[in-house]
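Here the structure is laid out as C-alpha coordinates; the discussion comes afterwards.
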Number of protein chains: 2
Amino acid sequence: MVEYAFLNGEIMPIENANLNITDLALLRGYGVFDFFKAIDGRPIFMEDHLDRFESSTWLLGLKIPYTRDELKKNILELVKLNKHKLLGIKLVCTGGYSIDGYAPAEKPNLFMVAKPFIMHPFEKELSLITVEHQRELAEIKSINYIKPISVLAQLRISEADDVLYYSDGYITESSRSNIFIVKNGLLVTPDTGILKGITRKKILQFASEILPIEIRPVKLEEVLEADEVFMTGSTKRITPITKIDNKSFQTGHFTRTLYNRLLVEENLS
Amino acid sequence: MVEYAFLNGEIMPIENANLNITDLALLRGYGVFDFFKAIDGRPIFMEDHLDRFESSTWLLGLKIPYTRDELKKNILELVKLNKHKLLGIKLVCTGGYSIDGYAPAEKPNLFMVAKPFIMHPFEKELSLITVEHQRELAEIKSINYIKPISVLAQLRISEADDVLYYSDGYITESSRSNIFIVKNGLLVTPDTGILKGITRKKILQFASEILPIEIRPVKLEEVLEADEVFMTGSTKRITPITKIDNKSFQTGHFTRTLYNRLLVEENLS
(Lines give C-alpha, C1' and ligand atoms only; values in the text may rest on other atoms or scores of the structure.)
Protein backbone atom coordinates (compact mmCIF):
# COMPACT_ATOMS: atom_id res chain seq x y z
CA MET A 1 0.00 0.00 0.00
CA VAL A 2 1.37 3.40 -0.94
CA GLU A 3 2.07 5.63 2.06
CA TYR A 4 1.29 9.30 1.51
CA ALA A 5 2.91 12.39 3.00
CA PHE A 6 2.35 16.13 2.72
CA LEU A 7 5.26 18.33 1.67
CA ASN A 8 5.15 22.08 0.99
CA GLY A 9 1.54 22.18 -0.19
CA GLU A 10 1.25 18.82 -1.93
CA ILE A 11 0.24 15.32 -0.94
CA MET A 12 2.50 12.70 -2.52
CA PRO A 13 3.85 9.17 -1.96
CA ILE A 14 6.30 9.46 0.95
CA GLU A 15 9.20 8.10 -1.12
CA ASN A 16 8.88 11.21 -3.33
CA ALA A 17 8.84 13.58 -0.36
CA ASN A 18 12.40 14.86 -0.39
CA LEU A 19 14.08 18.01 0.85
CA ASN A 20 17.30 19.50 -0.42
CA ILE A 21 20.40 19.17 1.77
CA THR A 22 20.38 22.95 2.28
CA ASP A 23 17.35 22.65 4.57
CA LEU A 24 18.10 24.21 7.96
CA ALA A 25 16.98 21.11 9.92
CA LEU A 26 19.64 19.08 8.09
CA LEU A 27 22.34 21.73 8.47
CA ARG A 28 21.50 23.18 11.91
CA GLY A 29 18.82 20.99 13.49
CA TYR A 30 16.47 23.99 13.26
CA GLY A 31 12.86 22.86 13.33
CA VAL A 32 9.80 22.10 15.43
CA PHE A 33 7.13 19.45 15.24
CA ASP A 34 4.00 18.13 16.78
CA PHE A 35 2.49 14.66 16.95
CA PHE A 36 -0.97 13.30 17.63
CA LYS A 37 -2.94 10.19 16.87
CA ALA A 38 -5.97 9.40 14.76
CA ILE A 39 -8.19 6.47 15.76
CA ASP A 40 -10.48 5.05 13.08
CA GLY A 41 -9.84 8.12 10.95
CA ARG A 42 -10.61 10.57 13.78
CA PRO A 43 -7.75 12.85 14.94
CA ILE A 44 -7.56 13.10 18.75
CA PHE A 45 -7.17 16.51 20.39
CA MET A 46 -6.07 17.95 17.02
CA GLU A 47 -6.87 21.60 17.85
CA ASP A 48 -4.74 21.46 21.02
CA HIS A 49 -1.84 20.00 19.05
CA LEU A 50 -2.17 22.61 16.31
CA ASP A 51 -2.24 25.34 18.99
CA ARG A 52 1.05 24.02 20.37
CA PHE A 53 2.55 23.59 16.89
CA GLU A 54 1.75 27.24 16.12
CA SER A 55 3.24 28.28 19.46
CA SER A 56 6.47 26.31 18.83
CA THR A 57 6.91 27.76 15.32
CA TRP A 58 6.21 31.28 16.60
CA LEU A 59 8.77 30.93 19.41
CA LEU A 60 11.44 29.97 16.83
CA GLY A 61 10.43 32.76 14.45
CA LEU A 62 9.03 30.39 11.80
CA LYS A 63 5.90 31.39 9.88
CA ILE A 64 3.59 28.50 8.94
CA PRO A 65 2.64 29.28 5.31
CA TYR A 66 -0.88 27.78 5.64
CA THR A 67 -4.04 28.65 7.48
CA ARG A 68 -5.27 26.36 10.26
CA ASP A 69 -8.06 25.22 7.93
CA GLU A 70 -5.58 24.33 5.17
CA LEU A 71 -3.49 22.30 7.65
CA LYS A 72 -6.60 20.49 8.91
CA LYS A 73 -7.88 19.75 5.41
CA ASN A 74 -4.54 18.14 4.50
CA ILE A 75 -4.31 16.21 7.76
CA LEU A 76 -7.77 14.74 7.15
CA GLU A 77 -6.81 13.90 3.57
CA LEU A 78 -3.63 12.10 4.78
CA VAL A 79 -5.66 10.18 7.36
CA LYS A 80 -8.09 9.13 4.63
CA LEU A 81 -5.32 7.99 2.26
CA ASN A 82 -3.24 6.12 4.87
CA LYS A 83 -5.85 3.61 5.96
CA HIS A 84 -4.91 2.27 9.40
CA LYS A 85 -6.99 1.91 12.55
CA LEU A 86 -4.34 3.79 14.53
CA LEU A 87 -2.22 6.48 12.89
CA GLY A 88 0.42 8.79 14.32
CA ILE A 89 0.35 12.15 12.56
CA LYS A 90 3.53 14.17 12.64
CA LEU A 91 3.83 17.78 11.46
CA VAL A 92 7.35 19.17 11.01
CA CYS A 93 8.29 22.77 10.24
CA THR A 94 11.95 23.53 9.52
CA GLY A 95 13.97 26.72 8.99
CA GLY A 96 13.68 26.20 5.22
CA TYR A 97 16.34 26.64 2.56
CA SER A 98 18.57 29.09 4.35
CA ILE A 99 20.63 31.39 2.13
CA ASP A 100 23.66 31.45 4.43
CA GLY A 101 23.10 28.05 6.06
CA TYR A 102 22.37 29.68 9.41
CA ALA A 103 19.56 32.25 9.40
CA PRO A 104 16.09 30.79 8.75
CA ALA A 105 14.66 31.32 5.26
CA GLU A 106 11.67 33.58 4.62
CA LYS A 107 9.57 30.47 3.90
CA PRO A 108 9.98 27.33 6.05
CA ASN A 109 9.67 23.77 4.78
CA LEU A 110 6.62 22.02 6.20
CA PHE A 111 5.83 18.34 5.94
CA MET A 112 3.41 15.88 7.51
CA VAL A 113 3.46 12.11 7.73
CA ALA A 114 0.76 9.72 8.99
CA LYS A 115 2.13 6.35 10.01
CA PRO A 116 0.59 3.36 11.76
CA PHE A 117 2.03 2.69 15.21
CA ILE A 118 1.43 0.39 18.15
CA MET A 119 0.12 1.95 21.35
CA HIS A 120 1.97 1.04 24.53
CA PRO A 121 -0.49 -1.28 26.34
CA PHE A 122 -1.51 -0.11 29.82
CA GLU A 123 -0.52 -3.44 31.40
CA LYS A 124 2.95 -3.65 29.80
CA GLU A 125 5.87 -3.02 32.15
CA LEU A 126 7.77 0.22 31.61
CA SER A 127 11.07 1.02 33.26
CA LEU A 128 13.07 4.24 33.34
CA ILE A 129 16.62 5.16 34.20
CA THR A 130 17.40 8.56 35.67
CA VAL A 131 19.57 10.82 33.54
CA GLU A 132 20.80 14.24 34.68
CA HIS A 133 19.78 16.58 31.90
CA GLN A 134 17.76 19.72 31.28
CA ARG A 135 16.28 19.98 27.80
CA GLU A 136 17.09 23.38 26.32
CA LEU A 137 14.15 25.64 25.41
CA ALA A 138 11.96 22.99 27.03
CA GLU A 139 8.67 24.76 26.29
CA ILE A 140 9.30 24.44 22.53
CA LYS A 141 8.63 21.08 20.86
CA SER A 142 11.83 21.31 18.86
CA ILE A 143 13.21 18.42 16.81
CA ASN A 144 16.32 18.24 19.03
CA TYR A 145 16.46 14.69 20.44
CA ILE A 146 20.23 14.26 20.41
CA LYS A 147 20.50 13.53 24.13
CA PRO A 148 17.84 10.79 24.49
CA ILE A 149 18.79 9.11 21.19
CA SER A 150 22.47 9.14 22.19
CA VAL A 151 21.61 7.17 25.37
CA LEU A 152 19.63 4.44 23.53
CA ALA A 153 22.61 2.07 23.81
CA GLN A 154 22.74 2.71 27.58
CA LEU A 155 18.99 1.95 27.80
CA ARG A 156 19.53 -1.37 26.02
CA ILE A 157 22.32 -2.33 28.43
CA SER A 158 20.15 -1.36 31.43
CA GLU A 159 17.14 -3.15 29.88
CA ALA A 160 15.20 0.08 30.44
CA ASP A 161 12.60 1.63 28.15
CA ASP A 162 13.25 5.32 28.54
CA VAL A 163 14.87 8.09 30.55
CA LEU A 164 13.69 10.18 33.48
CA TYR A 165 15.41 13.55 33.30
CA TYR A 166 16.36 15.35 36.50
CA SER A 167 18.37 18.46 37.19
CA ASP A 168 19.56 19.85 40.54
CA GLY A 169 17.65 17.10 42.33
CA TYR A 170 14.30 17.84 40.65
CA ILE A 171 12.67 15.77 37.92
CA THR A 172 11.34 17.29 34.73
CA GLU A 173 10.06 14.79 32.14
CA SER A 174 10.88 11.70 30.12
CA SER A 175 12.18 11.85 26.52
CA ARG A 176 8.69 12.10 25.00
CA SER A 177 6.34 12.03 27.99
CA ASN A 178 5.33 13.95 31.08
CA ILE A 179 5.56 12.45 34.55
CA PHE A 180 2.99 12.37 37.36
CA ILE A 181 3.20 10.86 40.81
CA VAL A 182 0.53 9.92 43.36
CA LYS A 183 1.48 10.10 47.04
CA ASN A 184 -0.96 9.89 49.95
CA GLY A 185 -3.90 10.39 47.60
CA LEU A 186 -2.45 13.54 46.02
CA LEU A 187 -1.58 13.93 42.31
CA VAL A 188 1.68 15.86 41.76
CA THR A 189 3.41 16.93 38.55
CA PRO A 190 6.06 19.54 37.73
CA ASP A 191 5.35 22.68 35.74
CA THR A 192 8.74 24.10 34.71
CA GLY A 193 11.59 22.83 32.52
CA ILE A 194 9.13 20.60 30.65
CA LEU A 195 7.23 20.43 27.42
CA LYS A 196 3.59 20.87 28.32
CA GLY A 197 1.99 17.76 26.92
CA ILE A 198 -1.55 17.73 25.56
CA THR A 199 -2.34 14.52 27.46
CA ARG A 200 -0.97 16.24 30.61
CA LYS A 201 -3.24 19.22 29.91
CA LYS A 202 -6.31 16.98 29.56
CA ILE A 203 -5.50 15.13 32.79
CA LEU A 204 -5.09 18.41 34.69
CA GLN A 205 -8.51 19.46 33.37
CA PHE A 206 -10.40 16.47 34.78
CA ALA A 207 -8.21 14.97 37.54
CA SER A 208 -9.47 17.22 40.34
CA GLU A 209 -12.79 15.34 40.10
CA ILE A 210 -10.83 12.22 41.14
CA LEU A 211 -8.11 13.47 43.52
CA PRO A 212 -6.51 16.75 44.61
CA ILE A 213 -3.71 18.12 42.36
CA GLU A 214 -0.47 19.90 43.17
CA ILE A 215 1.47 21.48 40.29
CA ARG A 216 4.93 22.29 41.64
CA PRO A 217 8.62 21.30 41.54
CA VAL A 218 9.00 17.57 42.26
CA LYS A 219 12.15 16.15 43.87
CA LEU A 220 13.60 12.96 42.43
CA GLU A 221 13.51 11.41 45.92
CA GLU A 222 9.77 12.15 46.14
CA VAL A 223 9.27 10.21 42.91
CA LEU A 224 11.21 7.25 44.27
CA GLU A 225 9.00 7.26 47.38
CA ALA A 226 5.69 7.74 45.54
CA ASP A 227 2.76 5.30 45.74
CA GLU A 228 2.12 5.44 41.99
CA VAL A 229 4.16 6.89 39.12
CA PHE A 230 2.93 7.22 35.56
CA MET A 231 3.90 8.89 32.31
CA THR A 232 1.63 10.52 29.79
CA GLY A 233 1.69 11.21 26.06
CA SER A 234 -0.19 10.70 22.82
CA THR A 235 1.28 7.26 22.11
CA LYS A 236 1.11 6.12 25.74
CA ARG A 237 -2.03 7.81 27.07
CA ILE A 238 -1.38 7.10 30.77
CA THR A 239 1.21 4.38 31.32
CA PRO A 240 2.18 3.15 34.79
CA ILE A 241 5.92 3.19 35.41
CA THR A 242 6.91 -0.11 36.95
CA LYS A 243 10.58 0.63 37.67
CA ILE A 244 12.92 3.62 38.03
CA ASP A 245 16.58 2.62 38.31
CA ASN A 246 16.38 -0.16 40.94
CA LYS A 247 13.10 0.89 42.55
CA SER A 248 9.90 -0.99 41.57
CA PHE A 249 6.35 0.39 41.60
CA GLN A 250 2.89 -1.17 41.56
CA THR A 251 0.18 0.05 39.24
CA GLY A 252 -2.21 1.83 41.52
CA HIS A 253 -5.90 2.57 41.71
CA PHE A 254 -5.62 6.26 40.79
CA THR A 255 -3.51 5.60 37.69
CA ARG A 256 -6.14 3.18 36.41
CA THR A 257 -9.03 5.52 37.22
CA LEU A 258 -7.34 8.45 35.43
CA TYR A 259 -6.58 6.20 32.44
CA ASN A 260 -10.21 5.15 32.11
CA ARG A 261 -11.33 8.75 32.36
CA LEU A 262 -8.82 9.79 29.65
CA LEU A 263 -10.34 7.19 27.31
CA VAL A 264 -13.71 8.93 27.76
CA GLU A 265 -12.10 12.29 26.87
CA GLU A 266 -10.54 10.77 23.75
CA ASN A 267 -13.91 9.42 22.67
CA LEU A 268 -15.42 12.88 23.06
CA SER A 269 -12.60 14.47 20.99
CA MET B 1 28.20 27.94 -12.57
CA VAL B 2 26.88 24.62 -11.32
CA GLU B 3 27.56 24.00 -7.62
CA TYR B 4 28.39 20.40 -6.75
CA ALA B 5 27.73 18.44 -3.58
CA PHE B 6 28.49 14.92 -2.37
CA LEU B 7 25.60 12.77 -1.17
CA ASN B 8 25.79 9.12 -0.12
CA GLY B 9 28.68 8.17 -2.38
CA GLU B 10 27.99 10.38 -5.40
CA ILE B 11 28.99 13.85 -6.50
CA MET B 12 26.07 15.70 -8.09
CA PRO B 13 24.73 19.23 -8.68
CA ILE B 14 23.58 20.48 -5.27
CA GLU B 15 20.00 21.03 -6.48
CA ASN B 16 19.74 17.26 -7.03
CA ALA B 17 21.11 16.43 -3.57
CA ASN B 18 17.92 15.60 -1.71
CA LEU B 19 17.13 13.48 1.32
CA ASN B 20 13.82 11.88 2.14
CA ILE B 21 11.74 13.43 4.94
CA THR B 22 12.29 10.26 7.01
CA ASP B 23 15.92 11.26 7.62
CA LEU B 24 16.63 11.43 11.36
CA ALA B 25 18.12 14.95 11.17
CA LEU B 26 14.81 16.20 9.79
CA LEU B 27 12.68 14.25 12.28
CA ARG B 28 14.87 14.39 15.39
CA GLY B 29 17.75 16.79 14.72
CA TYR B 30 20.11 13.80 14.97
CA GLY B 31 23.35 14.53 13.18
CA VAL B 32 26.89 15.84 13.42
CA PHE B 33 29.05 17.89 11.10
CA ASP B 34 32.40 19.46 10.61
CA PHE B 35 33.55 22.49 8.67
CA PHE B 36 36.86 23.70 7.33
CA LYS B 37 38.13 25.97 4.61
CA ALA B 38 40.06 25.49 1.40
CA ILE B 39 42.20 28.34 0.11
CA ASP B 40 43.21 28.24 -3.57
CA GLY B 41 42.07 24.61 -3.71
CA ARG B 42 44.08 23.60 -0.63
CA PRO B 43 42.08 22.32 2.39
CA ILE B 44 43.36 23.78 5.68
CA PHE B 45 43.92 21.49 8.68
CA MET B 46 41.78 18.81 6.96
CA GLU B 47 43.15 15.85 8.93
CA ASP B 48 42.36 17.55 12.26
CA HIS B 49 38.81 18.25 11.10
CA LEU B 50 38.33 14.69 9.87
CA ASP B 51 39.63 13.43 13.24
CA ARG B 52 37.00 15.50 15.02
CA PHE B 53 34.27 14.50 12.55
CA GLU B 54 35.05 10.84 13.22
CA SER B 55 35.02 11.49 16.96
CA SER B 56 31.62 13.27 16.79
CA THR B 57 30.04 10.48 14.72
CA TRP B 58 31.48 7.83 17.04
CA LEU B 59 30.13 9.60 20.15
CA LEU B 60 26.62 9.57 18.62
CA GLY B 61 26.91 5.94 17.52
CA LEU B 62 27.00 6.77 13.78
CA LYS B 63 29.25 4.77 11.49
CA ILE B 64 30.77 6.70 8.59
CA PRO B 65 30.37 4.34 5.60
CA TYR B 66 33.61 5.52 3.91
CA THR B 67 37.29 5.27 4.60
CA ARG B 68 39.26 8.41 5.41
CA ASP B 69 40.85 8.16 1.96
CA GLU B 70 37.45 7.97 0.26
CA LEU B 71 36.29 11.05 2.16
CA LYS B 72 39.45 12.95 1.25
CA LYS B 73 39.25 11.96 -2.42
CA ASN B 74 35.68 13.29 -2.62
CA ILE B 75 36.53 16.48 -0.70
CA LEU B 76 39.35 17.21 -3.14
CA GLU B 77 37.04 16.47 -6.06
CA LEU B 78 34.41 18.90 -4.70
CA VAL B 79 37.06 21.57 -4.18
CA LYS B 80 38.20 21.09 -7.79
CA LEU B 81 34.65 21.31 -9.17
CA ASN B 82 33.54 24.31 -7.08
CA LYS B 83 36.12 26.81 -8.28
CA HIS B 84 36.43 29.61 -5.71
CA LYS B 85 39.48 31.12 -4.07
CA LEU B 86 37.95 30.55 -0.62
CA LEU B 87 35.63 27.60 0.00
CA GLY B 88 33.93 26.41 3.17
CA ILE B 89 33.64 22.64 3.18
CA LYS B 90 30.92 21.15 5.33
CA LEU B 91 30.53 17.42 6.04
CA VAL B 92 27.25 16.30 7.61
CA CYS B 93 26.41 12.83 8.90
CA THR B 94 22.83 12.16 10.03
CA GLY B 95 21.07 9.26 11.74
CA GLY B 96 19.87 8.05 8.33
CA TYR B 97 16.45 6.74 7.34
CA SER B 98 15.28 5.52 10.72
CA ILE B 99 12.76 2.68 10.67
CA ASP B 100 10.84 3.91 13.72
CA GLY B 101 11.65 7.61 13.35
CA TYR B 102 13.73 7.55 16.53
CA ALA B 103 16.56 5.01 16.59
CA PRO B 104 19.39 5.71 14.13
CA ALA B 105 19.44 3.57 10.97
CA GLU B 106 22.16 1.02 10.33
CA LYS B 107 23.55 3.29 7.59
CA PRO B 108 23.70 7.07 8.11
CA ASN B 109 23.19 9.66 5.40
CA LEU B 110 26.37 11.58 4.65
CA PHE B 111 26.67 14.69 2.55
CA MET B 112 29.28 17.35 1.84
CA VAL B 113 28.98 20.82 0.38
CA ALA B 114 31.73 23.26 -0.64
CA LYS B 115 30.53 26.86 -0.78
CA PRO B 116 32.33 30.16 -1.23
CA PHE B 117 32.24 32.40 1.82
CA ILE B 118 33.68 35.69 2.99
CA MET B 119 36.22 35.58 5.79
CA HIS B 120 35.61 37.96 8.68
CA PRO B 121 38.37 40.59 8.24
CA PHE B 122 40.71 41.00 11.21
CA GLU B 123 40.09 44.75 11.41
CA LYS B 124 36.27 44.55 11.34
CA GLU B 125 34.50 45.27 14.62
CA LEU B 126 32.85 42.32 16.30
CA SER B 127 30.50 42.62 19.25
CA LEU B 128 28.97 39.94 21.46
CA ILE B 129 26.10 39.83 23.90
CA THR B 130 26.26 37.51 26.89
CA VAL B 131 23.64 34.74 26.94
CA GLU B 132 23.26 32.29 29.83
CA HIS B 133 23.36 28.88 28.21
CA GLN B 134 25.28 25.62 28.32
CA ARG B 135 25.38 23.74 25.03
CA GLU B 136 24.37 20.12 25.61
CA LEU B 137 26.94 17.44 24.75
CA ALA B 138 29.32 20.32 24.10
CA GLU B 139 32.25 18.13 23.03
CA ILE B 140 30.24 16.82 20.06
CA LYS B 141 29.92 19.03 16.97
CA SER B 142 26.23 18.24 16.64
CA ILE B 143 23.94 20.04 14.22
CA ASN B 144 21.88 21.46 17.11
CA TYR B 145 21.96 25.26 16.75
CA ILE B 146 18.44 25.97 17.96
CA LYS B 147 19.51 28.28 20.79
CA PRO B 148 21.84 30.64 18.87
CA ILE B 149 19.58 30.79 15.80
CA SER B 150 16.57 31.54 18.01
CA VAL B 151 18.37 34.62 19.42
CA LEU B 152 19.27 36.07 15.98
CA ALA B 153 16.41 38.59 16.29
CA GLN B 154 17.76 39.68 19.69
CA LEU B 155 21.22 40.10 18.15
CA ARG B 156 19.76 42.33 15.43
CA ILE B 157 18.01 44.50 18.04
CA SER B 158 21.22 44.75 20.11
CA GLU B 159 23.26 45.41 16.94
CA ALA B 160 25.54 42.59 18.08
CA ASP B 161 27.23 39.98 15.90
CA ASP B 162 27.11 36.91 18.08
CA VAL B 163 26.62 35.45 21.54
CA LEU B 164 28.99 34.77 24.43
CA TYR B 165 27.64 31.82 26.39
CA TYR B 166 28.14 31.70 30.13
CA SER B 167 26.82 29.40 32.81
CA ASP B 168 27.10 29.72 36.61
CA GLY B 169 29.29 32.81 36.15
CA TYR B 170 31.81 31.09 33.85
CA ILE B 171 32.11 31.60 30.10
CA THR B 172 32.27 28.73 27.65
CA GLU B 173 32.25 29.74 23.98
CA SER B 174 30.45 31.67 21.27
CA SER B 175 27.92 30.08 18.89
CA ARG B 176 30.58 28.87 16.44
CA SER B 177 33.88 30.04 17.98
CA ASN B 178 36.15 29.57 20.96
CA ILE B 179 37.09 32.46 23.23
CA PHE B 180 40.52 33.54 24.53
CA ILE B 181 41.49 36.43 26.76
CA VAL B 182 44.81 38.11 27.43
CA LYS B 183 45.34 39.65 30.88
CA ASN B 184 48.65 40.91 32.23
CA GLY B 185 50.54 39.18 29.42
CA LEU B 186 48.89 35.79 30.06
CA LEU B 187 46.72 33.90 27.52
CA VAL B 188 43.69 32.22 29.15
CA THR B 189 40.99 30.00 27.65
CA PRO B 190 38.47 27.55 29.11
CA ASP B 191 38.67 23.81 28.60
CA THR B 192 35.27 22.40 29.65
CA GLY B 193 31.73 22.84 28.37
CA ILE B 194 33.10 23.79 24.96
CA LEU B 195 33.61 22.36 21.50
CA LYS B 196 37.34 22.03 21.09
CA GLY B 197 38.02 24.04 17.96
CA ILE B 198 40.77 23.17 15.52
CA THR B 199 41.91 26.81 15.38
CA ARG B 200 41.99 26.76 19.20
CA LYS B 201 44.10 23.59 19.09
CA LYS B 202 46.59 25.16 16.68
CA ILE B 203 46.89 28.31 18.81
CA LEU B 204 47.52 26.24 21.93
CA GLN B 205 50.29 24.42 20.04
CA PHE B 206 52.29 27.54 19.16
CA ALA B 207 51.15 30.28 21.59
CA SER B 208 53.59 29.38 24.39
CA GLU B 209 56.37 30.67 22.12
CA ILE B 210 54.68 34.08 22.34
CA LEU B 211 53.17 34.26 25.86
CA PRO B 212 52.39 31.93 28.78
CA ILE B 213 49.09 29.98 28.59
CA GLU B 214 46.56 29.02 31.26
CA ILE B 215 43.84 26.52 30.32
CA ARG B 216 41.24 26.70 33.08
CA PRO B 217 37.70 27.88 33.95
CA VAL B 218 37.27 31.57 33.06
CA LYS B 219 34.84 33.81 34.93
CA LEU B 220 32.67 36.18 32.91
CA GLU B 221 33.92 39.09 35.05
CA GLU B 222 37.53 38.18 34.13
CA VAL B 223 36.61 38.46 30.48
CA LEU B 224 35.06 41.87 31.00
CA GLU B 225 38.28 43.04 32.75
CA ALA B 226 40.66 41.50 30.19
CA ASP B 227 43.23 43.51 28.20
CA GLU B 228 42.42 41.66 24.96
CA VAL B 229 39.60 39.30 24.00
CA PHE B 230 39.42 37.34 20.77
CA MET B 231 37.46 34.52 19.22
CA THR B 232 38.76 31.75 17.01
CA GLY B 233 37.38 29.50 14.30
CA SER B 234 37.85 28.37 10.72
CA THR B 235 35.91 31.27 9.18
CA LYS B 236 37.33 33.87 11.58
CA ARG B 237 40.86 32.65 12.25
CA ILE B 238 41.60 34.97 15.18
CA THR B 239 39.17 37.87 15.43
CA PRO B 240 39.47 40.58 18.08
CA ILE B 241 36.24 41.15 20.01
CA THR B 242 35.61 44.87 20.21
CA LYS B 243 32.56 44.85 22.49
CA ILE B 244 30.82 42.54 24.98
CA ASP B 245 27.45 43.90 26.14
CA ASN B 246 28.36 47.53 26.98
CA LYS B 247 32.09 46.99 27.53
CA SER B 248 34.50 47.96 24.72
CA PHE B 249 37.91 46.41 24.01
CA GLN B 250 40.94 47.48 21.99
CA THR B 251 42.70 45.14 19.61
CA GLY B 252 45.91 44.32 21.35
CA HIS B 253 49.45 43.39 20.45
CA PHE B 254 49.19 39.72 21.44
CA THR B 255 46.02 39.15 19.40
CA ARG B 256 47.74 40.52 16.29
CA THR B 257 50.92 38.52 16.91
CA LEU B 258 48.96 35.27 17.36
CA TYR B 259 46.95 36.04 14.21
CA ASN B 260 50.08 36.51 12.11
CA ARG B 261 51.53 33.29 13.47
CA LEU B 262 48.28 31.41 12.66
CA LEU B 263 48.57 32.58 9.04
CA VAL B 264 52.00 30.92 8.90
CA GLU B 265 50.50 27.66 10.25
CA GLU B 266 47.76 27.79 7.61
CA ASN B 267 50.34 28.24 4.88
CA LEU B 268 52.19 25.17 6.15
CA SER B 269 48.98 23.08 6.24
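The values are calculated or read from the model by the stated rules, or taken from the named source; none is laboratory data. None of the values given here were measured: they were computed from a predicted structure. Methodologically, a virtual Cβ is constructed for each residue, glycine included, from the backbone with ideal geometry; neighbour enumeration extends over all protein chains shown. These area figures cover heavy atoms from the full protein model, side chains too; ligands, DNA and RNA do not enter into them. Shrake-Rupley method; radii C 1.70, N 1.55, O 1.52, S 1.80 Å.
Under 5 Å between amide hydrogens, built in the peptide plane, is the criterion, and for A:ASP245 it picks out A:LEU128, A:ILE129, A:THR130 among residues at least 5 positions away or on other chains. Using equal-weight Cα scatterers in the Debye expression, the normalised intensity of the range A:143-232 in log10 at q = 0.15 Å⁻¹ is -0.59.
Between A:ASN20, A:GLY95, A:PHE36, the Cα set farthest toward the positive side of the dipole of the protein assembly as shown (charges on each charged residue's Cβ, about the Cα centre) is that of A:ASN20. Short-range pairs are left out: with C-alpha atoms under 8 Å and at least six residues apart, the relative contact order of the range B:127-268 is 24 percent.
Sorted shortest first, the separations between the A:GLU125 label point and its copies elsewhere in the assembly read 6.5 nm; each point sits 7 Å from Cα along the Cα-to-Cβ line. Rolling a 1.4 Å probe across the protein heavy atoms gives the protein assembly as shown an accessible surface of 42 Å² per residue. Taking the label point 7 Å along Cα→Cβ, A:GLU209 and its counterparts in the other copies are spaced 7.8 nm apart, in ascending order. Backbone amide hydrogens, once placed in the peptide plane, bring B:LYS183 within less than 5 Å of B:VAL188, B:ASP227, excluding anything fewer than 5 places away on its chain. Accessible surface of the protein assembly as shown, 1.4 Å probe: 52 percent of it comes from carbon and sulfur atoms. For chain A, what does the relative contact order come out to in percent, with C-alpha contacts under 8 Å and a separation of six or more? In percent, rounded to a whole number, it is 18.
Springs join every pair of Cα atoms under 10 Å in this Gaussian network model of chain B, and among B:THR94, B:THR130, B:THR235 the largest mean-square fluctuation is at B:THR130.
Shown here are the Rg and Dmax of the Cα trace of the protein assembly as shown, at 24.8, 74 Å. Here the ratio of the Cα radius of gyration of chain B to 2.2 N^0.38 Å is 1.04.
Using 1/(1 + (r/R0)^6) with R0 = 51 angstrom and r between the beta carbons of B:GLU125 and B:ASN8, what's the FRET efficiency to the nearest 0.05? After rounding, the FRET efficiency stands at 0.75. Placing a label point 7 Å from the Cα of A:GLU221 along the Cα-to-Cβ direction, the residues of the range A:147-169 with a backbone N closer than 20 Å are A:164-169. Between B:GLU266 and A:PHE206, the C-beta separation translates, for a Förster distance of 56 Å, into a calculated FRET efficiency of about 0.30. Each copy carries a label point for B:ASN16 at 7 Å from Cα toward Cβ; from one copy, the others' points are 2.0 nm away, ordered from shortest. Out of B:ASP245, B:ASP51, B:ASP100, any idea which swings most in a Gaussian network model of chain B, alpha carbons joined below 10 Å? Answer for the Gaussian network model of chain B: B:ASP100.
Across the range A:4-116, C-alpha contacts under 8 Å between residues 6 or more apart give a mean separation that, scaled by the residue count, equals a relative contact order of 37 percent.
Calculated FRET efficiency, A:ASP100 to B:ASP69, Cβ-Cβ distance, R0 = 30 Å: about 0.45 to the nearest 0.05. For B:LYS107, the lysines whose Cα comes closer than 16 Å to its Cα, not counting residues fewer than 8 places off in the same chain, are B:LYS63.
Compactness ratio for the range A:4-116: Cα radius of gyration over 2.2 N^0.38 Å (N = residue count) comes to 1.04. For the chain pair A and B, the interface hides roughly 3900 square angstrom of accessible area in total, found with a 1.4 Å probe.
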